[in-house]
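Presented below is the structure to which this report refers.
The values are calculated or read from the model by the stated rules, or taken from the named source; none is laboratory data. Computed from a predicted structure; not experimentally measured. As a convention, Cβ positions derive from the backbone with ideal geometry for all residues, glycine included, and neighbour counts pool all protein chains shown.
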Amino acid sequence: MSEIATPHAPTAPARPHAGDSYLTAEQGIASWFLTTDHKRIALLYMAALTVFFFIGGAAAVAIRIELVTPAADLLSADGYNRMFTLHGLVMVWFFLVPSIPNTLGNFLLPLMIGARDLAFPRLNLFSWYLFIGAGALLLFALVAGGVDTGWTFYTPYSTTYSNSYVLTAALAVVLVGFSSIATGVNFIATIHLLRAPGMTWFRLPLLVWAIYGTSLVIVLATPVLAAVLLLVVAERAFGLPVFDPARGGDPLLFQHLFWFYSHPAVYIMILPSFGVVSELITCFSRRQVFGYSFMVYAIMWIAVIGFLVWGHHMFVSGQSLYVSLAFSFLSFVIAVPSAIKVFNWTFTLYRGQITFEAPMLYALGFIGLFTIGGLTGLVLASIPIDVHVTDTYYVVAHFHFIMVGGAVTAFYGGLTFWWPKVTGRLYPQFWSRFGAILMFFGFAFTFFPMFIMGFLGMPRRYQVYPPEFQVWHILSSAGAVILAGAYLLPIGYLAWSLFWGKRAGDNPWEATGLEWQTSSPPPRDNFRSPPVVDTGPYDYHPDGEGPHHTERAPHRMQGRQT
Amino acid sequence: MSEALREPWDSLRRQREAASFGMWIYVSSEALLFAGLILAFAANRFLHPEAFAAAGRETNVIYGTVNTLVLLTSSLTMAVGAEAARARLRTLALRALGATLVLGLAFLVIKGFEWREDILQHLVPGPGFKLDNPETQIFFALYWIMTALHGLHLTGGLGAVGWLSWQAWHDERPLRSPAFEAVALYWHLVDIVWVFLYPLLYLGGRT
């Protein structure tokens, strides 16, 4: 793969230094804030998301400190409500939804399919500004006094009774939704129209497929959230009653419309992690992914069925039992593709030549934590058990296993995997491995006790609780300290690597994707010459039978540069 | 005159395809935005059929019908404008885009008169609402939200068409630019949303 002869600029000869790394091709503040380079915009997103991750994390710290004792000591009752609302709003819409797609996805998608940029580069920048605007609006709401409805904005509390900044926060969420939609449109158009010659649909890396499925869900679900939040805004701001029971309105209608978005939103958060983990597992077990086409079908299956299960959030809302039965059944159905993915990752490991680099540790941790999160999801999909544990810490533990143990672990895994490509630097493996293991144990330590206390009846969203739950809360808060350390550690060693890290070659992990064939960091136009593709992804043992597990198998790159 | 072809495209044909395709995806997203509101309308209409019929008779069907005709015509001129731009018939394109702007503005002006009359007749939900049955207020809540959101979309469309026309007029945007077709698609979406709102809001109580 070294036919990089005299690089010829593909188009636009006016562009400065087309051959330089994207980090040095242009200089100055304006070259960052007015850039249309998908790689720079990914870094802009990464900076913004880091800020929001700290804000949401600070709220979590306040919650965990408050819950160390059964009495209320740190926060007032009202302050506690505002704190968990802040945590939810920031983490869901300003960290988890954009986390992998807008940073890693934005950076890697064009590289992985052999394109020079996203289909609409200026729309990409616009979506970042929309994100920042929405974030500023949300921060204003939080600083001005906060929101106390919980991230779910349930009516009639949010429309009629809540005395907090619901209006501003809801508008911020509507705005950030349009930012997501812009990104989703951009990704879908890019995957359809900018694939390199020979990069057919079933040769796409699984991360690209995952981002494709995610984008479809974003584009089709987010507008419904915008619609329902606009109804809340209209009712609060202008007294236009849609959900007001006193005038015949139906608060349940709010829940239907809200969960029509917010359940698929879970898949917006977890599908990209599936893609990341598929890349990591194949690379570090030196094996072709097991059942590639079924991995693809599973992604699309989840994307579609994800729209049909929202009612399982409403088992205790008084909806018809028959409706609940249908939603319960469909919730079991959607577990099938998730299980296919877990089994396929496991089979990919089978007889693989596994090495335990930090990204692999994150990926293996992901499989374990996601499996627990998914299986407890099945427990919750059974109506009798759900009625028992609704609004308890069991539910809190379940969705944190999916969204934090799953999505955030995969985000860190992907970050450590592609960091050498993004920055051109290697980080210390020891600290990175240590951080990955710490994150697994810190996470389990924090959230596993919640399953137990939840099943014993500890309700969520309460700051004062019976003393018999204290031991579990102390365990959980102690684990949160470890988890916080595990989240902060990579910031330290990654920053260190920027200055003192060894230069990474083009392909430090010997992975097969197109993104590993260009230099690290890539040039402004991604490839010095347009790539072509003639094989599927993950061809880690092109000679058929893999060698003995002590020998590293040869691999073949996907496609080549022309 | 700036170049019609932009990064990261190699051919204008492909770029045009992308502009239309991207707009179709966005249109599907917008369709679900209004679908959410229409679903809220449908659910409430199912719960309170009498109140919705009574409230539906209070909307001004004259204004509504005239506006429907105005907007449908504007879609025709918009389609002519986009096709003329693609064929590089400059005069025809500018005239058609200008006509689209005039018709879109006319829609908003007529809508403004209609809203004014609604306010004078106490059709804004709240104390002093014209009708006694409180459930009729839900109809009018959705009436105001849906027509306002539609008006907002139309205003956005006017801005986009106005901007493109201005650029074409000053030769700053080549007529081959795919933007004309993309904006036309958006304009038709705004039109089609109205085609759904018109029967729901103006004809439902009058059958």
**Asked** Take the residues of segment A:496-523 that are more than 16 Å from A:Leu23 (Cα to Cα) and aliphatic (A, V, I, L, M): which is surrounded by the most Cβ atoms within 10 Å (Cβ to Cβ)?
**Response** A:Leu514
**Message:** Here is a list: A:Phe202, A:Phe178, A:Phe187. Which entry is within 12 Å of chain B (Cβ to nearest Cβ), in contact (Cβ under 8 Å) with a residue 40 or more places away in the chain and either surrounded by fewer than 24 Cβ atoms within 10 Å (Cβ to Cβ) or in contact with a strand residue (DSSP E or B) (Cβ under 8 Å, 6 or more places away or on another chain) (or both)?
**Reply:** A:Phe178
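Residue-wise test of (1) farther than 30 Å from A:Pro508 by Cβ; (2) modelled with pLDDT under 95; (3) of a type in the set (A, V, I, L, M, F, W, C); (4) buried (at least 21 other Cβ atoms within 10 Å of the Cβ).
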site: A:Phe332; (1), (2), (3), (4): yes, no, yes, no
site: A:Ile340; (1), (2), (3), (4): yes, no, yes, no
site: A:Phe343; (1), (2), (3), (4): no, no, yes, no
site: A:Gly352; (1), (2), (3), (4): no, yes, no, yes
site: A:Met360; (1), (2), (3), (4): no, no, yes, yes
site: A:Ala363; (1), (2), (3), (4): no, no, yes, yes
site: A:Phe366; (1), (2), (3), (4): no, no, yes, yes
site: A:Thr371; (1), (2), (3), (4): no, no, no, no
site: A:His388; (1), (2), (3), (4): yes, yes, no, no
**Request:** Inspect segment A:85-93 for any residue being closer than 25 Å to A:Tyr165 by Cβ, surrounded by fewer than 24 Cβ atoms within 10 Å (Cβ to Cβ) and more than 23 Å from the chain's Cα centre (by Cα) and give the result as yes or no.
**Result:** no
**Which numbered condition B:Phe41 misses (of (1) more than 7 Å from chain A (Cβ to nearest Cβ); (2) assigned to a helix (DSSP H, G or I); (3) over 22 Å from the mean Cα position of the chain (by Cα))** = (3)
**Asked** How many of the residues in segment A:148-169 are within 14 Å of chain B (Cβ to nearest Cβ) and in a helix (DSSP H, G or I)?
**Response** 2
**Asked** With respect to A:Val224, is the statement that it is in a helix (DSSP H, G or I), within 11 Å of chain B (Cβ to nearest Cβ) and within 22 Å of A:Phe307 (Cβ to Cβ) true?
**Response** yes
**Message:** I'd like to verify a number: residues in segment A:28-74 that are free of Cβ contacts under 8 Å to residues at least 40 places away in the same chain, aliphatic (A, V, I, L, M) and assigned to a loop (DSSP other than H, G, I, E, B), how many?
**Reply:** 2
**Request:** Please go through segment A:379-407 and pick out each residue that is closer than 19 Å to A:Phe443 by Cβ and among the small types (Gly, Ala, Ser).
**Result:** A:Ala397, A:Gly405, A:Gly406, A:Ala407
**Message:** Looking at B:Val109, B:Val183, B:Val190, B:Val161 in this structure, which one is surrounded by fewer than 19 Cβ atoms within 10 Å (Cβ to Cβ), part of a helix (DSSP H, G or I) and under 14 Å from the mean Cα position of the chain (by Cα)?
**Reply:** B:Val109
**Item:** Pairs where the first residue, in segment A:112-130, is within 29 Å of A:Arg203 (Cα to Cα) and more than 7 Å from chain B (Cβ to nearest Cβ) and the second is outside any helix (DSSP H, G or I) and of a type in the set (Ser, Thr, Tyr), C-beta under 9 Å, 6+ apart
**Value:** A:Leu118/A:Thr36; A:Arg122/A:Thr36; A:Asn124/A:Thr36; A:Leu125/A:Thr35; A:Leu125/A:Thr36
**Item:** Options B:Ala19, B:Ala31: the member that is surrounded by 21 or more Cβ atoms within 10 Å (Cβ to Cβ), part of a helix (DSSP H, G or I) and within 14 Å of chain A (Cβ to nearest Cβ)
**Value:** B:Ala19
